[in-house]
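The values are calculated or read from the model by the stated rules, or taken from the named source; none is laboratory data. A quick note: this is a predicted structure, and the numbers were derived from the prediction, not measured. With ideal geometry, Cβ positions are generated from the backbone for all residues, glycine too; neighbour counts draw on all protein chains shown. We work out accessible area using only protein heavy atoms, side chains counted, and drop any ligands, DNA or RNA first. Shrake-Rupley method; radii C 1.70, N 1.55, O 1.52, S 1.80 Å.
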Amino acid sequence: MTEIKLVRGDITRQQADAIVNAANSSLLGGGGVDGAIHRRGGPEILAECRALRASRYGTGLRTGQAVATTAGRLDADHVIHTVGPVWSRQEDRSELLASCYRESLRVAQELGARTVAFPAISTGIYGWPMDDGARIAIRTVRETAAAPVGEVRFVLFDEQAYSEFESALAAQG
Ligand code: ADP
């Protein structure tokens, strides 16, 4: 079974086989985790993203989907880019958020990754409430068997994020 670990910190400082990026559909960079990954990972990641845009993803990566590139100078083999949904009060987009975790794990599995580091997707610029984002993240990883992925590490940027993930993990086991 996949072990879930929680750590507080900056995801760009993690060592893992794959690091997940909370990207946007353009794949060409942005703020938050995305900006930090490109800054610290260097230009190789963006070059591969541009190549993806020029080939399979001409119109960008759809919300809930995931695709891998090199990790450049990060201490990882791969970055898995996934596009979270923007939070909406009118529409329940939970399934799209769950899909980000599922699809990222599927890509990690295809890559043979054993350790995968995730940020709290959609809970920053995209406005998803942290408690609900944490519940969906933990539940989806729990439900998704993904051998050889033995460790999923959630890297939480601040104390509030960490404590919401702690509660979700305690509630769901
Ligand atoms: P989104 O656009 O999907 O909301 P963001 O990158 O804006 O993505 O934020 C996702 C979450 O990641 C937020 O909770 C934010 O506080 C957190 N975050 C921002 N920078 C980092 C970082 N370097 N490492 C880990 N988490 C981060």
**Prompt:** Scanning for something at negative phi, of a type in the set (Ser, Thr, Tyr), open to solvent by less than 10 Å² (accessible area, probe 1.4 Å) and not in a helix (DSSP H, G or I), does region 89-109 turn up at least one residue?
**Reply:** no
**Item:** Pairs where the first residue, in region 9-20, is under 21 Å from Ser163 (Cα atoms) and the second is polar (S, T, N, Q) and not in a strand (DSSP E or B), C-beta under 6 Å, 6+ apart
**Value:** Val20/Ser104
**Prompt:** Tell me, which residue of region 1-30 that is farther than 20 Å from Ala98 by Cα and part of a strand (DSSP E or B) is farthest from the ligand (Cβ to nearest atom)?
**Reply:** Asp17
**Asked** When both residues are 6+ apart or on different chains and their Cβ atoms are under 8 Å apart, which pairs have a first residue that lies in region 30-43 and is more than 18 Å from Leu156 (Cβ to Cβ) and open to solvent by less than 40 Å² (accessible area, probe 1.4 Å), and a second that is near the ligand (Cβ under 9 Å from one of its atoms) and in a helix (DSSP H, G or I)?
**Response** Gly41/Thr12
**Asked** Among the listed residues Ala120, Ala168, Ala145, which satisfies the condition of being part of a helix (DSSP H, G or I) and either more than 27 Å from Arg39 (Cβ to Cβ) or open to solvent by less than 70 Å² (accessible area, probe 1.4 Å) (or both)?
**Response** Ala168
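Is it true that Tyr101 is within 16 Å of the ligand (Cβ to nearest atom) and under 19 Å from Ala68 (Cα atoms)?
Numbers: within 16 Å of the ligand (Cβ to nearest atom): yes; under 19 Å from Ala68 (Cα atoms): yes.
In short, yes.
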**Item:** Count - residues of region 31-47 that are in contact with a Leu (Cβ under 9 Å, 6 or more places away or on another chain) and either of a type outside the set (Gly, Ala, Ser) or under 19 Å from Leu97 (Cβ atoms) (or both)
**Value:** 5
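Checking the structure you have, find out if any residue of region 113-120 is in contact with a strand residue (DSSP E or B) (Cβ under 7 Å, 6 or more places away or on another chain), within 13 Å of the ligand (Cβ to nearest atom), over 18 Å from Val7 (Cα atoms) and not aliphatic (A, V, I, L, M). Let's see the steps before the verdict.
At the first step, the residues of region 113-120 found to be in contact with a strand residue (DSSP E or B) (Cβ under 7 Å, 6 or more places away or on another chain) are 113-120.
So of that shortlist, the ones also within 13 Å of the ligand (Cβ to nearest atom) come out as 117-120.
Retained after the next criterion (residues that are over 18 Å from Val7 (Cα atoms)): none.
Looking through region 113-120, none of the residues is in contact with a strand residue (DSSP E or B) (Cβ under 7 Å, 6 or more places away or on another chain), within 13 Å of the ligand (Cβ to nearest atom), over 18 Å from Val7 (Cα atoms) and not aliphatic (A, V, I, L, M).
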